[in-house]
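K.L.:
Following this message is one structure expressed as structure tokens.
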Amino acid sequence: MTILGGFGGRGPGGDAPGKGKSGSAVPYVTERDFEKEVLRSELPVLMEFTADWCQPCKAIAPEVEAFAREMEGRAKVVKIDVDKSPVIAQQLRVQSVPTFMVVAEGRIQEAVVGAIRKKKMQEMVEPFLPRAAGAIKPAELAQLLAGGAVAPIDTRDAGAFARAHLPGAVSMPLEGIEQRLAELHMLTGQPVLYCRSGDKTKDMAEKLAEQGVPVAFLEGGLLAWEAEGHPIER
């Protein structure tokens, strides 16, 4: 769905850009700043269409606030008051509040009508979040594994590896990775590092990339892999 029409000027309710109340992480966007804050945003934007009289909107406000703080620097979360910015609501065919929409690359990518929880907000925004260099999602890794294109590298300790690991994984504890780079790249298939949650291997991948040795890592680690129902060897 393409967003049509311009919002560069002051329309009905087009006050100066609004900030969230009482230090909120969720600012209000109006018809005056919609194009700049939403359409031209380099980050994906989750919009909540709301109104002062909307009780469900007030009920989920803490979840929206928490999600906005978690997404800081990765995605924007904004509110649009349908009474103060009726042109936006009309053009985007908002029939009730709350309504949530994700805008990425200047287009509406998904819309959900009704109150939603933080988990759903994450699901809506996740496909459009900027990704770290070398990051591979569990579903992508599963496809690559099926084709024999990758070699999973378990960077946890030997005990954790013995209890459970990805199919065909090679145990190579993180603290020794930098001394085993030649071995790493002699494996059949592209090496993909993984740890329990993905944080440690993300840092290692960034460090190796700075040294001119790019390497992939599993985004979310073993926890994300298991959460999506992919197989584990024990």
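The values are calculated or read from the model by the stated rules, or taken from the named source; none is laboratory data. Note that the coordinates shown come from a computational prediction; the quantities given were computed from them, not determined experimentally. So basically every Cβ, Gly included, is an ideal-geometry build from the backbone, and we count neighbours across all protein chains shown. Only protein heavy atoms, including side chains, enter the accessible area calculation; ligands, DNA and RNA are left aside. Shrake-Rupley method; radii C 1.70, N 1.55, O 1.52, S 1.80 Å.
K.L.:
Out of Pro167, Pro127, report the one residue that is open to solvent by 20 Å² or more (accessible area, probe 1.4 Å), under 30 Å from Pro62 (Cα atoms), outside any strand (DSSP E or B) and in contact with a strand residue (DSSP E or B) (Cβ under 9 Å, 6 or more places away or on another chain). Talk me through it step by step, then tell me what you get.
P.N.:
Values: Pro167 fails: under 30 Å from Pro62 (Cα atoms).
None of the other options fit; the residue is Pro127.
K.L.:
Looking at this structure, is Ala132 part of a loop (DSSP other than H, G, I, E, B) and either in contact (Cβ under 8 Å) with a residue 24 or more places away in the chain or under 30 Å from Glu72 (Cα atoms) (or both)? Steps first, answer last, please.
P.N.:
Working: part of a loop (DSSP other than H, G, I, E, B): yes; either in contact (Cβ under 8 Å) with a residue 24 or more places away in the chain or under 30 Å from Glu72 (Cα atoms) (or both): yes.
Judged against the criteria, Ala132 is a match.
K.L.:
Another question about this same structure. Restricting to region 145-161, and then to whatever is more than 16 Å from Leu218 (Cβ to Cβ) and free of Cβ contacts under 8 Å to residues at least 24 places away in the same chain, can you tell me which residue is surrounded by the most Cβ atoms within 10 Å (Cβ to Cβ)?
P.N.:
Per the stated criteria, the residue is Asp157.
K.L.:
Here is a further query. Which numbered condition trips up Ala142, out of (1) of a type in the set (Gly, Ala, Ser); (2) outside any helix (DSSP H, G or I); (3) touching a Phe, Trp or Tyr at 6+ places or on another chain (Cβ under 9 Å)?
P.N.:
Unmet for Ala142, out of (1) of a type in the set (Gly, Ala, Ser); (2) outside any helix (DSSP H, G or I); (3) touching a Phe, Trp or Tyr at 6+ places or on another chain (Cβ under 9 Å): (2).
K.L.:
If you scan region 210-234, which residues turn out to be open to solvent by 40 Å² or more (accessible area, probe 1.4 Å) and over 22 Å from the mean Cα position of the chain (by Cα)?
P.N.:
Passing the criteria: Glu210, Gln211, Gly212, Pro214, Pro231, Ile232, Glu233, Arg234.
K.L.:
Looking only at region 76-91, decide whether some residue is farther than 21 Å from Cys54 by Cβ, more than 16 Å from the chain's Cα centre (by Cα) and open to solvent by 20 Å² or more (accessible area, probe 1.4 Å).
P.N.:
Within region 76-91, none of the residues are farther than 21 Å from Cys54 by Cβ, more than 16 Å from the chain's Cα centre (by Cα) and open to solvent by 20 Å² or more (accessible area, probe 1.4 Å).
K.L.:
Among residues belonging to region 49-82 that are in a strand (DSSP E or B) and among the β-branched types (Val, Ile, Thr), point out the one that is farthest from Phe34 (Cα to Cα).
P.N.:
Among those residues, the one meeting the criterion is Thr50.
K.L.:
Okay, next question. If I ask for residues that are modelled with pLDDT of 80 or more and hydroxyl-bearing (Ser, Thr, Tyr), which ones from region 12-44 would you list? Give the derivation first.
P.N.:
Our first condition is that a residue be modelled with pLDDT of 80 or more; within region 12-44, this holds for 24-44.
Ser24, Tyr28, Thr30, Ser41 - these are the residues of region 12-44 that are modelled with pLDDT of 80 or more and hydroxyl-bearing (Ser, Thr, Tyr).
K.L.:
Could you tell me which residue of region 170-209 is most open to solvent (accessible area, probe 1.4 Å), considering only residues that are over 9 Å from Ile153 (Cβ atoms) and among the aliphatic types (A, V, I, L, M)?
P.N.:
Met186
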